[in-house]
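Asks: I have a structure I would like to understand better, so I am pasting it below and will then ask my questions one at a time.
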Amino acid sequence: MSGQVVITGGQGGLGQALAEAFVAAGYTVAAPGRDELDVSDAAAVKEYFRGRDTDLLICNAGLTRDALLAKLGEAEWDEVMAANLRGAALCAAAASRGMIRTRRGHIVFVSSYSAIHPPAGQAAYAAAKAGLIGLGKSLAKELGQANIRVNVVLPGFLETKMTASLSEKRKEAVRSEHVLGRFNTVEAVADFLLTLHDKLPHSSGQVFQLDSRVS
């Protein structure tokens, strides 16, 4: 396989697994971390994608600032929205310009199970990740006529730096919600995205939940 892949949030656990999988499959991969591409900075996003042909954009950058809504500051709310939702939209808009020109491309938004079943105390993150589902479905309709696919994945609970601070008690409570009794892994998510991109060329506008929690 060949092609140009950009993975935002590329220095996190999932981002690194995605980069490794696509490099191994023969793709040219750029996996910028926040120091290289701050997705909340509109000017930086435009500059990063200027003149860059992108066959696959994976919008993986994100962060959490969990707190009860009444205790969540406006700056924290804005930070979550900027990183998780606005940043993804900025990157999709910038990358899609080149895709429209070449009439090919694929955009994947990494959402969260919290988008559809949010816990208490995660209003900002859940709202932002739910927004990605709406954004993905809308863009699939908007860009389909240009032969550009847009999909959304819900990887499930992953044991990465983002979840490392959770207590073992909380992790076990989440694990108990999985009918298979185990969490998904970053390697399995990477394999799925590789399959989605390479082997499912007719899928667009879809939301894929990748763990074993049953709604």
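The values are calculated or read from the model by the stated rules, or taken from the named source; none is laboratory data. All values reported here derive from a predicted model rather than from experimental measurement. Every residue, glycine among them, receives a Cβ derived from its backbone with ideal geometry; neighbour counts consider all protein chains shown. Quick note on the areas: whole protein, heavy atoms, side chains included, nothing else; ligands and nucleic acids left out. Shrake-Rupley method; radii C 1.70, N 1.55, O 1.52, S 1.80 Å.
Asks: Which residue, of V174, V152, is touching a residue at least 40 places away in the same chain (Cβ under 8 Å) and touching a Phe, Trp or Tyr at 6+ places or on another chain (Cβ under 6 Å)?
Replies: The match here is V152.
Asks: Next question, about the same structure. Tell me, which helices (runs of 4 or more DSSP H) lie completely within the range 77-176 with 3 or more residues that are under 22 Å from L56 (Cβ atoms) and open to solvent by less than 50 Å² (accessible area, probe 1.4 Å)?
Replies: Helices (runs of 4 or more DSSP H) meeting the threshold: 87-102, 123-143.
Asks: Taking the condition of being under 22 Å from V80 (Cβ atoms) and hydrophobic (A, V, I, L, M, F, W, C), how many residues in the range 156-185 meet it?
Replies: Counting residues in the range 156-185 that are under 22 Å from V80 (Cβ atoms) and hydrophobic (A, V, I, L, M, F, W, C) gives 6.
Asks: Looking at H202, is it buried (at least 18 other Cβ atoms within 10 Å of the Cβ) and closer than 21 Å to V5 by Cα?
Replies: no
Asks: Can you work out which of the residues in the range 157-215 that are polar (S, T, N, Q) and in contact with a strand residue (DSSP E or B) (Cβ under 9 Å, 6 or more places away or on another chain) is nearest to A21 (Cα to Cα)? Walk me through how you get there before you give the answer.
Replies: Of the residues in the range 157-215, the ones polar (S, T, N, Q) are 160, 163, 165, 167, 176, 184-185, 195, 203-204, 206, 209, 212, 215.
In the following step, the residues that additionally are in contact with a strand residue (DSSP E or B) (Cβ under 9 Å, 6 or more places away or on another chain) were identified as 184, 203-204, 206, 209, 212, 215.
Working: N184: 16, S203: 20, S204: 22, Q206: 22, Q209: 20, S212: 23, S215: 29 Å.
Ranking the candidates gives N184 first.
Asks: Residues being more than 21 Å from D191 (Cα to Cα) and either of a type outside the set (G, A, S) or touching a Lys or Arg at 6+ places or on another chain (Cβ under 9 Å) (or both): count how many of those fall in the range 1-58.
Replies: 17
Asks: Any residue that is part of a loop (DSSP other than H, G, I, E, B) and either modelled with pLDDT under 95 or surrounded by 15 or more Cβ atoms within 10 Å (Cβ to Cβ) (or both) - is there at least one of those in the range 186-199?
Replies: Taking every residue of the range 186-199 in turn, none turns out to be part of a loop (DSSP other than H, G, I, E, B) and either modelled with pLDDT under 95 or surrounded by 15 or more Cβ atoms within 10 Å (Cβ to Cβ) (or both).
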